[in-house]
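Notes follow the structure.
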Amino acid sequence: MADEEERQPDLSTFGGDRERDDGSGERDDTDAESIAGTDELSESPVERERRPVAELDRTGRVELGVDLLAHLEHESLSLSEAVDRIESVTTNPALTREILDTAELRGVIEREDGRLRTRRGGTYVRFEQQVVERTGDYECRRCGASLLTGHFVKFEAGELGPFGPSCVRKVLGRE
C-alpha cells in the first residue's frame with residue numbers, strides 16, 4: 001500500500017509538454033508559434049521545405065514523420081525498423097508514438113503483431129526529383145558520420161537530412 005501512496009502524479013495534466021528536452025539535443029515544442037513568434041500557417045510549402053528538422057515544431061515533425069512512413073518502399077517492416085527510420089525525424093518516444101498513431105489514423109500504415117504494413121499507393125521517393133545533394137560540412141542524421149556531400153529528401157511536409165548515400169537508402173527502405 002505504501003507504494004501506491006508514493007506514486008508520482010501524471011505530469012501531462014500539468015501541461016508539461018510545452019517545451020521538453022529528452023537529452024538528444026532536440027527541443028520538443030508543442031506550441032512553437034508562441035515560443036518562436038512565428039506562424040507556421042503563413043509559410044509557403046517552399047519555405048517550410050527548406051527548414052531543417054531541428055527548426056520544425058511538433059506538428060511539423062509529425063507531418064514529416066507521416067510523410068516518411070508513407071514513402072517507405074517495404075510493404076511490411078518490424079516496429080523497430082519503423083522506429084529506426086522515424087528517429088531521423090525525432091528521438092522523442094512520445095513524438096514517435098504520435099507519428100505512428102497519426103499515420104495509422106490516416107490509413108498510411110496498419111499495425112499488427114509488432115509489424116507495420118504500409119498501404120502503398122505509388123508514393124515512393126523518386127531519387128532524381130526528391131533527393132537533393134548539397135556540398136558542405138554535414139553530419140549524417142542517421143549514423144553521425146561526417147559528410148562532404150549531404151543527401152536531403154524533399155517531402156511535402158519538409159526536408160529530411162542530411163544523410164550519407166547509404167543511409168538515405170536505408171531510411172527510405174531501399175536497402
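No value in this document is a laboratory result; all are computed from the given coordinates. Computed from a predicted model, the values in this text were never measured in an experiment. With ideal geometry, Cβ positions are generated from the backbone for all residues, glycine too; neighbour counts draw on all protein chains shown.
Only one entry in 128, 139, 133, 156 is of a type in the set (Asp, Glu) and within 17 Å of residue 67 (Cα to Cα), namely 156. The set of residues in the range 133-147 being surrounded by fewer than 15 Cβ atoms within 10 Å (Cβ to Cβ) and of a type outside the set (Gly, Ala, Ser) consists of 133, 134, 135, 137, 139, 143. Between 108, 132, the distinction of being of a type outside the set (Gly, Ala, Ser) and in contact with a helix residue (DSSP H, G or I) (Cβ under 6 Å, 6 or more places away or on another chain) belongs to 108 only.
A quick yes/no check of all residues on (1) out of contact with any Pro (no Cβ under 6 Å at 6 or more places or on another chain); (2) touching a residue at least 24 places away in the same chain (Cβ under 8 Å); (3) closer than 15 Å to residue 171 by Cα:
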site	(1), (2), (3)
52	yes, yes, no
66	yes, yes, yes
77	yes, yes, yes
83	yes, no, yes
107	yes, no, no
114	yes, yes, no
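Just one of the listed residues (164, 150) is crowded, with 20+ Cβ neighbours inside 10 Å and in contact (Cβ under 8 Å) with a residue 24 or more places away in the chain, and it is 164.
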